[in-house]
1. Criterion first (in contact with a strand residue (DSSP E or B) (Cβ under 8 Å, 6 or more places away or on another chain), over 24 Å from L269 (Cα atoms) and either surrounded by fewer than 23 Cβ atoms within 10 Å (Cβ to Cβ) or assigned by TED's automatic domain parsing to the domain that holds I127 (or both)) does D502 satisfy it?
2. Return only the number of the condition from (1) at pLDDT 85 or above; (2) surrounded by fewer than 17 Cβ atoms within 10 Å (Cβ to Cβ) that R81 does not satisfy.
3. With respect to V467, is the statement that it is in contact with a Cys (Cβ under 6 Å, 6 or more places away or on another chain) and either outside the structural domain of P14 (by TED's automatic domain parsing) or surrounded by fewer than 18 Cβ atoms within 10 Å (Cβ to Cβ) (or both) true?
4. For segment 88-106, name all the residues that are touching a Phe, Trp or Tyr at 6+ places or on another chain (Cβ under 7 Å) and surrounded by fewer than 20 Cβ atoms within 10 Å (Cβ to Cβ).
5. Report, by residue number, each residue of segment 358-395 that is touching a residue at least 12 places away in the same chain (Cβ under 8 Å), assigned to a helix (DSSP H, G or I) and within 20 Å of T202 (Cβ to Cβ).
6. Condition check: crowded, with 20+ Cβ neighbours inside 10 Å and either assigned to a strand (DSSP E or B) or not assigned by TED's automatic domain parsing to the domain that holds E214 (or both). Does V11 satisfy that?
7. Which count do you get for residues in segment 307-325 that are more than 37 Å from the chain's Cα centre (by Cα) and either under 15 Å from A363 (Cβ atoms) or acidic (D, E) (or both)?
8. Does M247 qualify as being at pLDDT 95 or above and either among the aromatic types (F, W, Y) or part of a loop (DSSP other than H, G, I, E, B) (or both)?
Amino acid sequence: MTRDFVFTAPVEFPGVVACELERFNLHPYPSGWERPLLFVFARDADRPWEAEAMFAEVAADLIGPNGPDEWSLAPVQVLGREGRYGTGTGPSVTAGVTIVRGRDDRLWAFGWRAAASERDAVETGFIALMQGLQARSDRIGEKTLRSQFHSQEKIRQLTIRAIDAGQGAKTIDPDAADIVWDERFAAALGESDTATVSQLWTDAVALVEEPFGEEAPSAASRIGGGPDLPAGVWPSNERGMRHPFLMQINLAEIKAACGPMQPLPDEGLLSFFVHDDALLLDVVYTPPGASLVRNPMTEATIEASAAAVAIAADFDPDTHTGTLPHTEGDLVTAELMGDGTLSFAHTPDPVWAVGAPGTKFDALSDERWATTAYARLRPRRTRSFDVAAAETKIEEMKAGSLDDLTDTHEAFERASTGPLAGSGTPQIHQMLGHATIRGGIDCRDEAVTDDVSMDLPELSDPSQWIVLVRLRAGSATGRVFGDADDLVVMAPAPDVAARRFDRCVLLSG
């Protein structure tokens, strides 16, 4: 890991050598190559820099002698940050390099090099490396980096010994669409005919994170960063402080990739915001054709919002309108407006300001759930198994095995969303289908007990609720909720069909 992100070595490149605290070479094993084929480093910039002007210097440092003299450059985003990706051919190698402006203007660089005959395999490993990146939402110190540096060679040797002992290969579960899952679930229910479980399947949408690639256009499906919204509709609290943005989903992208997925509308933009310790949720539906404003999220906004949240928490309701007291060392100034909202600005003192001194900014109601990192979400059609109904069937029929059902369902979940959150594979989230929380509680049953629905007879039927979104823990954005919990947004199906989203319920566990 570096101060800013975590990476996982692709299976084909397990030999990770720490050259410096935040510089790594990745070697294949076994291999006759003497030079590393993949490279990662992050460092503080010693001077102001621009990606294109800096590219050749960084590429020469990363790739080494006999690298390309000329590069073909294209824009790219890594974890929502602008960068440049270049490829070129040298006297004996072909290579690719990505450089990115990281947090606090730090320089991130990633690269690959290969003989022409091995380019496809090495470049595939590079893409796997990049799509498995995970942003760090916290800040780690030099002591932690030094500990990693001194232990990395031991870790590399252990990895190689495991490979030599035949323990390096990972068991890959079949794809979620494979008939083997019908057979395994049927066997868990004590049946041999796969038709017995056909009614327990339902269509769903997989949302695959893409932290590396083209910049997300306006209204594209993505998680993290800031929202694309019509002016004036960002949900806020009574003090006018904006709720943290979670994700947005372009429903037209869902239809284009998966076909009609009822009861989802065929078009429009869904934007999700969390607040009150990530226990409550606002969902904004924007119809197609609306004029959207991009609201980028910055470190300055997040850091200054922490100070604004503290001011709001200690606010005396008897305070008169006007400027609130301000002392040296405060990151922000605040003014109470006539409508009861608070207006915030970065302190005019340049010594303490984290943004442009004296400029106003829109403070967040809780900075903990905000992140500058984002990842595109690429939808694809998948399917989901109703494990709660299967458990009921086993109990009623007195046949099958609950243990086998649990094991099979856990394996199916791994096949659907990846082996482990944050394990170096792109995280996969879910729309529609089925979901459980806290040791197997059906989210439909949980939704009807929420405060939103308890006193409304039309919301008392679990079968009327759908999984609007299930967010798996371990997003590339680095954001963590609770004890690294999944978040599940439940919604009444008739509401969704009618494009109404004010009665959604947020569950975690």
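The values are calculated or read from the model by the stated rules, or taken from the named source; none is laboratory data. Predicted model, so just to flag it, every value in this text is computed and none were measured. Counting neighbours? That spans all protein chains shown, and the Cβs are built from the backbone with ideal geometry, glycine included.
1. Criteria not met by D502.
2. Here R81 meets the rest and fails (2).
3. no
4. G88
5. Within segment 358-395, V387, A388, A389, A390, E391, K393, I394 meet the criteria.
6. Against the criterion (crowded, with 20+ Cβ neighbours inside 10 Å and either assigned to a strand (DSSP E or B) or not assigned by TED's automatic domain parsing to the domain that holds E214 (or both)), V11 does not qualify.
7. 3
8. It is false that M247 is at pLDDT 95 or above and either among the aromatic types (F, W, Y) or part of a loop (DSSP other than H, G, I, E, B) (or both).
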